[in-house]
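Worksheet: the structure to be examined is printed underneath.
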Amino acid sequence: MEPAAAPPATAPSVRGGRRVHLFANPGRFLRFSGRLLPWLASGGIVLSAVGLFWGAFIAPPDWQQGEAARIMYVHVPSAWVALSGYCALAAASAASLVWRHPLADLAAAEIGPVGAAAAGLCLVSGSLWGKPMWGAWWVWDARLTSMLVLFFLYLGHIALVRAFDEPTRGHRAGAILALIGAVDLPIIHFSVVWWNTLHQGNSLGLFSAPTIYISMLWPLLITALGYSLGFVAIVIARLRAAILERRLASLLSVRAADGGKTMQGGAVPIAGMGAG
Amino acid sequence: MNVLPFIVLAYAAGVLVPAAFALAAWARLRRAERRLAAIDPRAQRGQGRRK
């Protein structure tokens, strides 16, 4: 009697895990993202352009802050992208730690710089808004400080991922940092509620009516959607490039090992990812 | 206080920063595809791109 076949070492124990593995296949990801990328990129460009133009030239000035409130159409979408980007970074890090899938590691590594740019853009545009309104480029306000911490978390993740000679160790360390840093997200969101801050309160909430006039709300939402699509498109393009670079490195190493004989026929795995 | 320079600077950053990242990502992807296609012709039809 033959012994029962042992389950594969990487088989997930839950159905949700199988779904994650299905979409984490590099070959499938390349095919799917190749079709999706043009739509995401063009949608992001068009919506961002429409939203920014609307916010700059068509939307009315704020009754209290006047024309300076137009900076909101850059500041708020970049803040949303920075926060949701960190959520994606934390999710990829969790997937990396739980399932140890290299594609999750690559996704986290490629999200980091783009998220850092969004957080930096949020801080710079906020500073440009704060100077004419508050009379200061920067104040150590709870919202501003927690956002600055998010920016440093992104930078720390970028540095940590690249700090080790062995990439796997860098990805593990970065994933742990990203998960610990996720505690900053609710602090940022609720900072204007928990503390008496100079930064204004939230104008939009999931469970409350917006306190912003509708003619200012539409360009804000359109720009936010455009920035979000653009963020996803940039991350996917970077992730595709990273996968192809790994495949290239694998091919070159196989070619070096075989003296250039094994290139045209057999399947060559992406380094650390299987054949895809 | 004239707020126009602050608005212009914020919008310039809001356009240039994402555009720079998008161009850099696009260039990196094209470079990787070109290099891969140069050493492995199968890569041209295996990357999910519709030619």
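Has region A:137-152 got at least one residue that is of a type in the set (A, V, I, L, M) and within 14 Å of another protein chain (Cβ to nearest Cβ)?
So far as region A:137-152 goes, no, none of its residues is of a type in the set (A, V, I, L, M) and within 14 Å of another protein chain (Cβ to nearest Cβ).
Okay, residues lined up against (1) at pLDDT 60 or above; (2) at negative phi; (3) crowded, with 17+ Cβ neighbours inside 10 Å:
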{"position": "A:4", "(1), (2), (3)": "no, yes, no"}
{"position": "A:9", "(1), (2), (3)": "no, yes, no"}
{"position": "A:57", "(1), (2), (3)": "yes, yes, no"}
{"position": "A:61", "(1), (2), (3)": "yes, yes, no"}
{"position": "A:65", "(1), (2), (3)": "yes, yes, no"}
{"position": "A:69", "(1), (2), (3)": "yes, yes, yes"}
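Is there any pair linking a residue in region B:21-38 that is more than 7 Å from every other protein chain (Cβ to nearest Cβ) and assigned to a helix (DSSP H, G or I) to one that is crowded, with 17+ Cβ neighbours inside 10 Å and not aromatic (Phe, Trp, Tyr), with Cβ under 8 Å and at least six apart or on different chains, and which?
Once the first residue is more than 7 Å from every other protein chain (Cβ to nearest Cβ) and assigned to a helix (DSSP H, G or I) and sits in region B:21-38, its partners that are crowded, with 17+ Cβ neighbours inside 10 Å and not aromatic (Phe, Trp, Tyr) give B:31/A:241; B:37/B:43.
Within the set of pairs 6+ apart or on separate chains, which have a first residue in region A:85-103 that is closer than 20 Å to residue A:244 by Cα, a second that is outside any helix (DSSP H, G or I) and at pLDDT below 95, and C-beta atoms under 6 Å apart?
Sorted first by the residue in region A:85-103, then by its partner, the pairs are A:101/A:24; A:102/A:272; A:102/A:273; A:103/A:24.
From the set of residues in region A:231-247 that are more than 8 Å from every other protein chain (Cβ to nearest Cβ) and more than 25 Å from residue A:78 (Cα to Cα), which is farthest from the chain's Cα centre (by Cα)?
In this case the residue turns out to be A:246.
Residue A:51 versus (1) surrounded by 15 or more Cβ atoms within 10 Å (Cβ to Cβ); (2) farther than 14 Å from residue A:222 by Cβ: which is the lone unmet condition?
Status for residue A:51: all satisfied but (2).
Please go through region A:82-126 and pick out each residue that is within 14 Å of residue A:173 (Cα to Cα) and not in a helix (DSSP H, G or I).
The one that is within 14 Å of residue A:173 (Cα to Cα) and not in a helix (DSSP H, G or I): A:100.
So, in region A:91-111, of the ones that are aliphatic (A, V, I, L, M) and surrounded by fewer than 20 Cβ atoms within 10 Å (Cβ to Cβ), which residue ends up nearest to the other protein chains (Cβ to nearest Cβ)?
A:91
When you go through A:46, A:74 one by one, which is the residue that is touching a residue at least 12 places away in the same chain (Cβ under 8 Å), in a helix (DSSP H, G or I), facing chain B (nearest Cβ under 9 Å) and of a type in the set (Val, Ile, Thr)?
On inspection, the qualifying residue turns out to be A:74.
Which residue pairs have Cβ atoms closer than 7 Å, lie 6 or more positions apart in sequence or on different chains, and pair a first residue in region A:190-202 that is closer than 17 Å to residue A:137 by Cβ with a second residue that is part of a loop (DSSP other than H, G, I, E, B)?
A:197/A:141; A:198/A:139; A:198/A:141; A:199/A:141
The values are calculated or read from the model by the stated rules, or taken from the named source; none is laboratory data. For clarity, every value in this text was computed on a predicted model and none was experimentally measured. Every residue, glycine among them, receives a Cβ derived from its backbone with ideal geometry; neighbour counts consider all protein chains shown.
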